[in-house]
């Protein structure tokens, strides 16, 4: 396999895994906000530190909507769009 093809496959896999992990982390954070669960030490802090850089700016940009936080929904859609665009660009190169 030539180096360019290898780098292309690596970049595709990296973007795919990164998008999936971030999406799963957002879903887990949403689920944990609905139920009281005792997590191992540091896991909740880790989830917060991974997801807040994505959710925080969206939450600040959205107007208040009756106590419902739509930032996770919008973040997941944005992640999917960006992931699709990046993968398309890599495949075209």
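For the pair residue 17 and residue 33, the difference between a 0.36 nm per residue extended length and the Cα-Cα distance amounts to 3.3 nm.
Highest average first, the peptides 1-11, 76-86 ordered by how many other beta carbon atoms sit within 10 Å of their residues are 76-86, 1-11. For residue 7 and residue 68, FRET efficiency with R0 = 35 Å and r from the beta-carbon atoms, rounded to 0.05? So, using R0 = 35 Å, E works out to roughly 0.25.
A Gaussian network model of the chain, with springs between Cα atoms under 10 Å, assigns the largest mean-square fluctuation among 42, 19, 66 to 66. When the Gaussian network model of the chain links Cα atoms closer than 10 Å, the mean-square fluctuations of 22, 47, 55 top out at 47.
When the chain is treated as a GNM with alpha-carbon contacts under 10 Å, the residue of 18, 39, 62 showing the greatest mean-square fluctuation is 39. With the biggest extent put first, the Cα atoms of the chain measure 51, 34, 16 Å across the principal axes.
Normalised size of segment 30-76, defined as Cα radius of gyration per 2.2 N^0.38 Å with N residues, equals 1.25.
Each reported figure results from applying straightforward, stated rules to the coordinates on display, with no laboratory input. From a predicted model like this one, the values you see are computed outputs, not experimental measurements. Glycine also receives a Cβ, built like all others from the backbone with ideal geometry; neighbour counts cover every protein chain displayed.
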